[in-house]
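S.K.: This is the structure I want to talk about, given as structure tokens.
Just so it is clear, none of the values below were taken in a lab; they were calculated from the coordinates. This one's a predicted model, so the numbers in the text were calculated from it and none came from an experiment. Ideal geometry is used to build each Cβ from the backbone, glycine not excepted, and the neighbour counts take in all protein chains shown.
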Amino acid sequence: MNCEPSYYRASLCIHSKVVSAKNITEILGTSPTNYYEKGTAISTRNSNSIIRKESTWILDSKVLEEEALHLHIEQLVCFIEDHSKEFNTLVDTCNMEILCGFFLMATTNQFI
């Protein structure tokens, strides 16, 4: 089976036990692609769901999924550099990471 990269994604994730996702949004002046607040249920469908122990703020790259992975990462790094003053206020209370993913499709157009 011959496989080719189909698309790429990269996301900036900020996690904190102290700062809420709402506060991260206010500090950075940017709305996240997605977020989760500390103290909320991981699954809203399960009444016995585990409760989140930290807030998470997620910003996906705005690069087209067909573009090379390094362009997704570069866009997020530029965002961080452009907001370096704001990020400096988060460094002591937040953990940050860039998550990268690539998704392969078989030549038969079946997801692997």
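S.K.: Out of region 27-57, which residues are touching a His at 6+ places or on another chain (Cβ under 7 Å), in contact (Cβ under 8 Å) with a residue 40 or more places away in the chain and not hydroxyl-bearing (Ser, Thr, Tyr)?
M.R.: Listed by number, the list holds a single entry, LEU28.
S.K.: Just give me the residues in region 53-108 being in contact with a Pro (Cβ under 7 Å, 6 or more places away or on another chain) and crowded, with 16+ Cβ neighbours inside 10 Å, in sequence order.
M.R.: Within region 53-108, TRP57, ILE58, LEU59 meet the criteria.
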